[in-house]
Amino acid sequence: MKHLMSSLCYLYPYFISMYHSLFFLSLIGFFLTSCSKSHIPVCINKRIISFEKESCSQGAQVEQYLFQSKTVFVFQPGNCGADMAAHVVDSNCADLGFLGGIMGNTKINGEEFSQAKLIKTTWKKK
């Protein structure tokens, strides 16, 4: 027993050092991953909350695009009606226009929205 205790006392500083190293590496990893997440503006989050209540029960989603060198968000209402239009807003929640609808609009600010680059789906109704 005495030999076991002396061995543990000898190894104790290494365990503490290893614990601190793991904690430090975990902390660095947390900060690196949190920095890589894209930021969603507060006004967009507020719109998503109200959109969730108003949108169809299936197919509704909000997608983030890069369009005309700006981040824009497309609020697609879902599949509960024919000819429903998707609302397009910029990151300051300024209205840019509608896509689809009864007229089948494909342009925002005079440019084909097909030129937009999808960044990610920000929200999807479950």
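The values are calculated or read from the model by the stated rules, or taken from the named source; none is laboratory data. This structure is a prediction, so every number in the text was calculated from the model and none was measured. Neighbour counts are summed over all protein chains in view; Cβ atoms, including those assigned to glycine, are modelled from backbone coordinates with ideal geometry.
Residue selection: Ile28 fails the criterion of being at pLDDT 60 or above and not aromatic (Phe, Trp, Tyr). In segment 56-68, the residues that are in the same structural domain as Phe98 (by TED's automatic domain parsing) and touching a residue at least 40 places away in the same chain (Cβ under 8 Å) form Cβ pairs under 6 Å with partners that are part of a loop (DSSP other than H, G, I, E, B) and of a type in the set (Lys, Arg), at six or more places apart or across chains, as follows: Ala60/Lys125.
I'm checking my understanding of the structure. Among residues of segment 68-102 that are within 15 Å of Thr121 (Cα to Cα) and of a type in the set (A, V, I, L, M, F, W, C), which one is surrounded by the most Cβ atoms within 10 Å (Cβ to Cβ)? In this case the residue turns out to be Phe73. Filtered by the rule that a residue be part of a strand (DSSP E or B) and either surrounded by 15 or more Cβ atoms within 10 Å (Cβ to Cβ) or in contact (Cβ under 8 Å) with a residue 60 or more places away in the chain (or both), segment 106-117 gives a lone residue, Ile108.
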